[in-house]
Amino acid sequence: MENILQMKTSQTDSSFGPSVQVLPARADAEVLVVCEHASNHVPACLNDLGLSGDVLQSHVAWDPGALGVAQHLASVFNGPLVQGEISRLVYDCNRPPEAADAIPARSEIYEILGNADLTPKQRQKRVDRVYEPFRAALADEIATRRSALRLMVTVHSFTPVYRGQKRDVEIGILHGNDARFAEAMMATQPGGSPYLTLMNEPYSAADGVAHTLDLHGTTNDLPSVMLEIRNDLITTGTEQVKMSNMLAAWIERALQQFDRGSQA
């Protein structure tokens, strides 16, 4: 049990630093929380990918506010949290190595000069240093805990304005190949909720965002769901706690309905 009391990190290359962190939890935890885009950190060896500080602080480099929500959600459920420690512009851990946008040469309106014209060897180094440790850490958590786990939740945030277009949706409930838990959440939405909530908005599996859900959820027959939260709703710690408390109560209701449906 001693390893459960210690925070685990994965460090595969001193020039990159840790690429994933696992916050511990009890062995019998039932909900696993994931935050792939928790950090905007770019290893010094990559020279900020040729980007300004403003760009690296923006939503193109990470999911602002998502980590705070994920941390509190994990705390409420006494569950583990697997979080990325490197910017998605270096490597997007919610994409498989063969995906072109796993290492984007362009993100929204920004050219990512440090990702342009990478050789296969350079791309593979990003896979080995960032993606593989993250994938392995998450796979290990699931394998170790599978008998107790009931659900995997991935937490993301999105910008309220994208390519000049305003987004009205405030919370998105997304699924991959397994839609069961997303449907249970949509069926148990909080009464009188102030948030406009839609299924598979502002993204869906068609946009390539279901990699973690399918690789680690569906293949392990582990119910899963992706939560997308508009980032202007979670800019402060207080807002993040409020949002995560609401989501935790909602998830608990959906779990109860899901269990009843599974037993029917």
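Data table
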read-out	value
When residues of region 100-112 are limited to those that are among the aliphatic types (A, V, I, L, M) and surrounded by 14 or more Cβ atoms within 10 Å (Cβ to Cβ), the one farthest from Leu49 (Cα to Cα)	Ala102
Members of region 251-264 found to be over 16 Å from Gly79 (Cα atoms) and either polar (S, T, N, Q) or modelled with pLDDT of 95 or more (or both), listed by number	Arg253, Ala254, Gln256, Gln257, Ser262, Gln263
Residue within region 175-182 that is hydrophobic (A, V, I, L, M, F, W, C), modelled with pLDDT of 95 or more and farther than 24 Å from Ala38 by Cβ present	yes
Index of the failed condition, Arg260 passing every other in (1) part of a helix (DSSP H, G or I); (2) surrounded by 14 or more Cβ atoms within 10 Å (Cβ to Cβ)	(2)
His216 under 26 Å from Ser58 (Cα atoms) and modelled with pLDDT of 95 or more	no
Val225 being touching a residue at least 60 places away in the same chain (Cβ under 8 Å) and touching a Cys at 6+ places or on another chain (Cβ under 9 Å)	no
Filtered residue count, region 73-104, keeping only those that are over 14 Å from the mean Cα position of the chain (by Cα) and more than 22 Å from Ser204 (Cα to Cα)	6
Search result, residues across region 219-264 that are within 30 Å of Ser58 (Cβ to Cβ) and hydroxyl-bearing (Ser, Thr, Tyr)	Ser224, Thr235, Thr236, Thr238, Ser244
Any hit, region 137-144, residues being surrounded by fewer than 16 Cβ atoms within 10 Å (Cβ to Cβ) and of a type outside the set (Gly, Ala, Ser)	yes
Among residues of region 161-198, those that are of a type in the set (A, V, I, L, M) and either within 22 Å of Arg95 (Cβ to Cβ) or part of a helix (DSSP H, G or I) (or both), counted	8
Where Ile229 falls short, out of the listed (1) more than 20 Å from Gly65 (Cα to Cα); (2) in contact with a Ser or Thr (Cβ under 7 Å, 6 or more places away or on another chain); (3) crowded, with 20+ Cβ neighbours inside 10 Å	(1)
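The values are calculated or read from the model by the stated rules, or taken from the named source; none is laboratory data. In this text the structure is predicted, and so the values were computed from the model without any measurement. Cβ sites come from the backbone with ideal geometry, for glycine too, and all protein chains shown count toward neighbours.
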